[in-house]
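Working notes, beginning with the structure itself.
The values are calculated or read from the model by the stated rules, or taken from the named source; none is laboratory data. Please read all numbers here as calculations on a predicted model, not as lab measurements. Cβ coordinates were reconstructed from backbone atoms using ideal geometry, including for glycine residues, and neighbour counts include every protein chain displayed.
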Amino acid sequence: MDSNTSVDDMIGMPQFFAKPATVLGHPAVTYSSNAMPLIPAPDAKVGPATRNLVVAQDPKAPGGRAYEFAVFHQDGHSLDDATLNRLAETILPTLPGWIPAP
């Protein structure tokens, strides 16, 4: 999804513990959060754990527009970063506005 939050924004928010990364030559960050369930179970406190990836749309502008991926397993296990990166590497080049790295 197209995100209003930039890679630089995520690095500047210590509460997310964002870890710098690179995807297809673009600045990126990964972090973990919890999904918000649309219909929460009566005993559920939070939604499933997600692994998130924010990737700059332009490889030269980490403070500009970005794409964000949030992925979770239904069984509650966290997705590993290598799988998340492979998913992004497959999808990003197909998105409108994607600027390939030189």
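Worth a mention:
- Given (1) closer than 17 Å to Leu95 by Cα; (2) modelled with pLDDT under 90, index of the condition Leu53 fails: (2)
- Residue within region 24-42 that is farther than 20 Å from Asp75 by Cβ, assigned to a loop (DSSP other than H, G, I, E, B), at pLDDT below 90 and of a type in the set (A, V, I, L, M) present: no
- The lone exception for Phe69 - which of (1) hydrophobic (A, V, I, L, M, F, W, C); (2) surrounded by fewer than 19 Cβ atoms within 10 Å (Cβ to Cβ); (3) closer than 16 Å to Ser33 by Cβ it fails: (2)
- For region 56-73, the tally of residues that are modelled with pLDDT under 90 and part of a loop (DSSP other than H, G, I, E, B) stands at 2.
- Matching residues, region 86-102, being touching a residue at least 24 places away in the same chain (Cβ under 8 Å) and surrounded by fewer than 10 Cβ atoms within 10 Å (Cβ to Cβ): Gly97, Pro102
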